[in-house]
Amino acid sequence: MNDDFLTGDVHLAIYGPGRFPAGSGFAENGYLFTVPGSFPEDTPAFTNVTDWEMAVYRSKDDPDEWEVRDVNGTRRVWATAGTRREAIGLTFLEIARKRRIDAADAAEQRRLNGLEPRPPFVVETTNSVTLVIAPTTIAILDRIEPGEGDAPARYHVLDAAGGEQYVIREADEVTLRTTTTGVLHAHCEHDVEGARFENEPGALIYAQYGLSRVWPCTELPDDTDELFTVDGSDYGPYPARPAPDTWNAYEPISVTRDIAERIAHDLNTLNAGCGLSAEWNGADLVFTWDRRYRDEAGAETVTPGVDGRYLIGGLWPWMRWTDRD
């Protein structure tokens with residue numbers, strides 16, 4: 001069932017005897033719910049913790065009273081009340097109070113140590129995809145189903161072009177390749193989740209070896225940009241300006257050199273094997289394709305304009321990020 005208090009929907013899952021050992025303080029029957037580690041929203045991201053699982057049940061001492069206790073922590077009682085809803089609400093209030101105090105203490109400790117109020121460098125992971133590369137196909141991994149006995153494993157995958165699901169059976173030639181992309185935040189106001197560092201060398205080492213590609217947060221769209229993705233995919237979103245004024249999905253979008261490099265990288269890695277690829281020839285971006293992509297092989301060169309931006313379009317349909325399903 002769903003109940004709502006403070007954070008929106010609070011999902012309750014029924015539990016029964018055997019969920020908790022005898023003498024643990026929990027009642028045999030009750031409900032489980034989760035307090036997000038990012039709650040409350042006004043605390044900085046670097047103080048966020050893991051999600052907490054909580055149990056709410058009728059008190060053993062007074063069946064007319066509801067009690068809330070955390071499951072995966074110190075198992076302390078956070079609140080008691082006459083109704084389940086009130087007990088849950090008081091729990092959220094008490095946890096918010098404690099986490100705000102902890103956040104203030106952390107900021108003060110950093111100040112005393114001569115540090116910025118929060119770690120100044122954050123590497124945020126924005127996208128991760130694993131490709132299943134087989135002799136006759138390349139697809140996006142959904143899940144792996146282990147084989148029973150001597151039976152081969154089965155790779156449940158999504159077609160890279162259309163997103164349709166199918167299965168690849170394990171073979172010696174099957175390899176997996178994971179591509180992870182992210183954003184480097186440096187001395188900015190973006191309060192995001194990610195790996196945090198006090199100095200730039202540590203952040204750069206983590207970004208270099210922990211992610212396939214990382215871009216600085218200065219590439220985030222400005223007021224004149226919109227966000228675009230490749231229709232029917234999760235590629236991007238790419239900050240861009242629609243061009244020309246009468247724009248449709250196959251008309252070009254105008255992007256900076258950095259975003260053009262990102263588009264080329266995603267095409268060559270996330271959609272490898274489709275028959276279309278991109279490479280740089282000095283300042284020009286050259287797209288080439290074979291008969292897997294179109295009826296006839298061909299190439300198209302995109303040259304930067306006088307403003308240094310690239311007009312990319314016509315090779316696949318674009319979609320505004322806000323229009324996706």
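At a glance:
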{"item": "For the chain: relative contact order, % (alpha-carbon pairs under 8 angstrom, 6 or more apart)", "result": "10 percent"}
{"item": "Estimated FRET transfer efficiency (R97, K60; beta-carbon r; R0 30 Å; 0.05)", "result": "0.70"}
{"item": "C-alpha center-to-center spacing [the stretch 41-78, the stretch 115-133] in angstrom", "result": "29 Å"}
{"item": "Rounded to 10°, Cα long-axis angle of helix 257-270 versus longest principal axis of the chain", "result": "80 degrees"}
{"item": "Zone residues, the stretch 291-317, relative to D284, backbone N less than 17 Å from point 7 Å out along Cα-to-Cβ", "result": "298-306, 308-313"}
{"item": "FRET efficiency, 1/(1 + (r/R0)^6) with R0 56 Å, evaluated for A272 and T83 via beta carbons", "result": "0.50"}
{"item": "Long-range HN-HN contacts of D142 with modeled amide H, under 5 Å", "result": "H156, V157, L158"}
{"item": "Ratio Rg/Rh, restricted to the stretch 91-171 and using Cα atoms, in which Rh is the Kirkwood radius", "result": "1.36"}
{"item": "Ordering of 314-321, 208-215 by burial proxy (mean other Cβ atoms within 10 Å per residue, highest first)", "result": "314-321, 208-215"}
{"item": "Net charge, R309 excluded, C-beta distance under 10 Å - Lys, Arg +1, Asp, Glu -1", "result": "+1"}
{"item": "Calculated from backbone phi, Karplus (6.51, -1.76, 1.60) coupling profile of the stretch 184-193 in Hz, x at Gly/Pro", "result": "9, 9, 10, 6, 10, 9, 6, 9, 10, 7"}
{"item": "Accessible surface, the chain, averaged per residue in Å² (probe 1.4 Å)", "result": "56 Å²"}
{"item": "Surface share of carbon and sulfur [accessible, 1.4 angstrom probe, percent] for the chain", "result": "49 percent"}
{"item": "Whether the stretch 200-290 is rounded, prolate or oblate, judged on the alpha carbon gyration tensor where a/c under 1.5 counts as rounded", "result": "oblate"}
{"item": "Ranked by how many other beta carbons lie within 10 Å on average, peptides 229-240, 141-152 from highest", "result": "229-240, 141-152"}
{"item": "Segments 266-277, 74-85 sorted - mean Cβ within 10 Å per residue, highest first", "result": "266-277, 74-85"}
{"item": "Directionally averaged projected area (convex hull, Cα atoms, the stretch 6-47), nm²", "result": "4.3 nm²"}
{"item": "Dipole in debye (nearest 20) - the chain, about Cα centre, beta carbon charges: Lys, Arg +1; Asp, Glu -1", "result": "760 debye"}
{"item": "Whole-number Å³ per residue for the convex hull built on Cα positions in the chain", "result": "212 Å³"}
{"item": "Additional length obtainable on full extension of the chain from L115 to H265, 0.36 nm per residue less Cα span", "result": "50.3 nm"}
{"item": "Dipole of the chain, positive direction: furthest Cα of G114, G194, A299, with charges on the beta-carbon", "result": "G114"}
{"item": "For A195, residues with placed amide H under 5 Å, excluding near neighbours", "result": "V123, T125"}
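The values are calculated or read from the model by the stated rules, or taken from the named source; none is laboratory data. Computed from a prediction, not measured in an experiment: that's the story for all the values here. Cβ: placed from backbone, ideal geometry, glycine included. Neighbour counts: every protein chain shown. Accessible surface areas use protein heavy atoms only, side chains included; no ligands, DNA or RNA. Shrake-Rupley method; radii C 1.70, N 1.55, O 1.52, S 1.80 Å.
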